[in-house]
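Engineer: Shown below is the structure under consideration.
The values are calculated or read from the model by the stated rules, or taken from the named source; none is laboratory data. Bear in mind the structure is a predicted one, so any value in this text is a computation, not a measurement. As a convention, Cβ positions derive from the backbone with ideal geometry for all residues, glycine included, and neighbour counts pool all protein chains shown.
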Amino acid sequence: MADLRRRTALAAAALGLAAVVPARAPAQAVAPVAPAAPLEKKLVVPAAGGWLDTGIDVGPGEELLFAASGEIVLQKGNPGAVCGPEGLDLVTVEQPVPVANLGALIGRIAQLVASRVDEGSGREVRDEIFVLFPIGAAGRAAVPFRGRLYLGVNENVLSDNGGEFEVLVVRRPL
């Protein structure tokens, strides 16, 4: 697990990404995976929807390209809270990606390590290794490890948001 943590941290640092690694080791070793075939997919990312599961599995040796458009509002009824995929020229301490503007389009690559049901709430709890990265209107990211791609808005309070981004995702070998 120490080697996985070190590799994840190094990959994230090289890309300027934030990395979170669980405290316990995965049940099985992660085998190297050949890059998948190139793929293009158009998606709609609702501003109030939380993380959107793109259905795109990614792996090392792949690059992701993004082209986004659209407009969202970060507080319904506030004309000063309208932005495009680059977000507002504002940074807060509680944003998921602190180096990106508030409301900007962001990405997340997550690898599931384990899942369990919380006895108290009955809800699924997922232990994941993940990296977060800014995308904006046009972004690019090298994939550091095998996982699933998610897209979202760089804000933690989503319930008062409106609008959506249209995003073209291209996955290709490096």
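Engineer: Just to be sure I understand the filter: pairs with C-beta atoms under 6 Å, separated by 6 or more residues or on different chains, first member in segment 46-61 and of a type in the set (Val, Ile, Thr), second member assigned to a loop (DSSP other than H, G, I, E, B) and at pLDDT below 95. Which pairs pass?
Structural biologist: As it stands, the answer is none, since no pair meets every condition given.
Engineer: Across segment 62-85, what is the total count of residues that are under 27 Å from residue 37 (Cβ atoms), surrounded by 15 or more Cβ atoms within 10 Å (Cβ to Cβ) and not aliphatic (A, V, I, L, M)?
Structural biologist: Residues flagged as under 27 Å from residue 37 (Cβ atoms), surrounded by 15 or more Cβ atoms within 10 Å (Cβ to Cβ) and not aliphatic (A, V, I, L, M) within segment 62-85 amount to 4.
Engineer: Regarding residue 59, is this residue small (Gly, Ala, Ser), over 30 Å from residue 160 (Cα atoms), modelled with pLDDT of 95 or more and out of contact with any helix residue (DSSP H, G or I) (no Cβ under 6 Å at 6 or more places or on another chain)?
Structural biologist: Numbers: small (Gly, Ala, Ser): yes; over 30 Å from residue 160 (Cα atoms): yes; modelled with pLDDT of 95 or more: yes; out of contact with any helix residue (DSSP H, G or I) (no Cβ under 6 Å at 6 or more places or on another chain): yes.
Spelling it out, residue 59 is indeed small (Gly, Ala, Ser), over 30 Å from residue 160 (Cα atoms), modelled with pLDDT of 95 or more and out of contact with any helix residue (DSSP H, G or I) (no Cβ under 6 Å at 6 or more places or on another chain).
Engineer: Could you tell me whether segment 136-146 includes any residue that is out of contact with any His (no Cβ under 9 Å at 6 or more places or on another chain), over 24 Å from residue 42 (Cα atoms) and either touching a residue at least 40 places away in the same chain (Cβ under 8 Å) or surrounded by fewer than 21 Cβ atoms within 10 Å (Cβ to Cβ) (or both)?
Structural biologist: Checked segment 136-146: no residue is out of contact with any His (no Cβ under 9 Å at 6 or more places or on another chain), over 24 Å from residue 42 (Cα atoms) and either touching a residue at least 40 places away in the same chain (Cβ under 8 Å) or surrounded by fewer than 21 Cβ atoms within 10 Å (Cβ to Cβ) (or both).
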